[in-house]
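Just so you know, all these numbers are worked out from the coordinates, no wet-lab data involved. Because the structure is a prediction, the values reported are computed rather than measured. In this analysis, Cβ positions are derived from the backbone assuming ideal geometry, glycine residues included, and neighbour counts consider all displayed protein chains.
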Amino acid sequence: MTDAAHIFGASFLRKFCKFKLLCKEANNSKYVSHVKKLLYRRILFGTSDGRFFLSTFYYNDKQGNIILQDAIEYRSTKRSAPSPMEQRVLCLILIPYSCRKTCHVDCSINEQLSLRSLREQKS
């Protein structure tokens, strides 16, 4: 499987911060408020089958399913193809909790530090 840095390049990912979307702590207002701040942000989401979705974060339910809006799907093609990546545009897409692998959110440096401190508090 490929990773986001390999597909999109390290310079592209610098403005994104890695973030684990929370689902088990749905009743904890501290975590809910952090996730609410991410609504309608640009997000790069990786699935367990190697696909990536560059999209707008729309919804995260209690079960941990994600709904993305205006998504572009990127997936690997055969190496003999002229382009190693194939892409297609999707309107709304639901990504089940079981398929989630990576999540990168477009955010400022201050927000990256805030999210990092949230992860450290959780550990």
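What FRET efficiency comes out for the pair S48/L90, r = Cβ-Cβ distance, R0 = 25 Å, nearest 0.05? E(calc), rounded to 0.05, equals 0.90. Per-residue Cβ neighbour counts within 10 Å put T102, T77 in the sequence T77, T102, beginning with the fewest.
Neighbour counts of other Cβ atoms within 10 Å put C107, C99, C91 in the fewest-to-most order C91, C99, C107. Here the residues K62, K37, ranked from fewest to most Cβ neighbours within 10 Å of their Cβ, fall in the order K62, K37.
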